[in-house]
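Chemist: Pasting a structure here, questions to come.
The values are calculated or read from the model by the stated rules, or taken from the named source; none is laboratory data. All of these numbers come straight from a predicted model, not from anything done at the bench. Virtual Cβ from ideal backbone geometry, glycine too; neighbours counted across all protein chains shown.
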Amino acid sequence: MKRADDRRVINGIFYVPRTGIPWADLPEQYGPPTTIYNCFNCWGYARHWDRIMEAVADAHNVDMVMVDGTTVRAHHSATTLRKQPASLPRALARRLKYENSSVYQPGRPADPVRADARTGP
């Protein structure tokens, strides 16, 4: 099997986070997505990316290099997820159940704390 062109592989690796697409949707010009993904993982385990970042930092005489995550786009399906509503605390859930049940009497105050505060001593 012929070795993949490193320049094409690196361009494919940089294309994925820049555009926010899944690895499987990588354009054909970069080669097979599995090759690009496998190279990315192998180079990560071999700490090549760490050495590249250290070389960039040394070339520019900096102590720390940061990557801003705000430029990385989320996948389009991430925006359509529905969140589960937060569960109510037990005391509030019981109170709502009591107020909405047939046992509730209209003349009885719904909140004893507020009722006591209104009448006062």
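Chemist: Regarding ILE13, is this residue hydrophobic (A, V, I, L, M, F, W, C), surrounded by 13 or more Cβ atoms within 10 Å (Cβ to Cβ) and either at pLDDT below 90 or in contact with a Gly (Cβ under 6 Å, 6 or more places away or on another chain) (or both)? Show your work before the answer.
Modeler: Numbers: hydrophobic (A, V, I, L, M, F, W, C): yes; surrounded by 13 or more Cβ atoms within 10 Å (Cβ to Cβ): yes; either at pLDDT below 90 or in contact with a Gly (Cβ under 6 Å, 6 or more places away or on another chain) (or both): no.
So ILE13 fails the test.
Chemist: If ILE52 meets every condition in (1) at pLDDT 90 or above; (2) surrounded by 12 or more Cβ atoms within 10 Å (Cβ to Cβ) apart from one, which number is that one?
Modeler: Here ILE52 meets the rest and fails (1).
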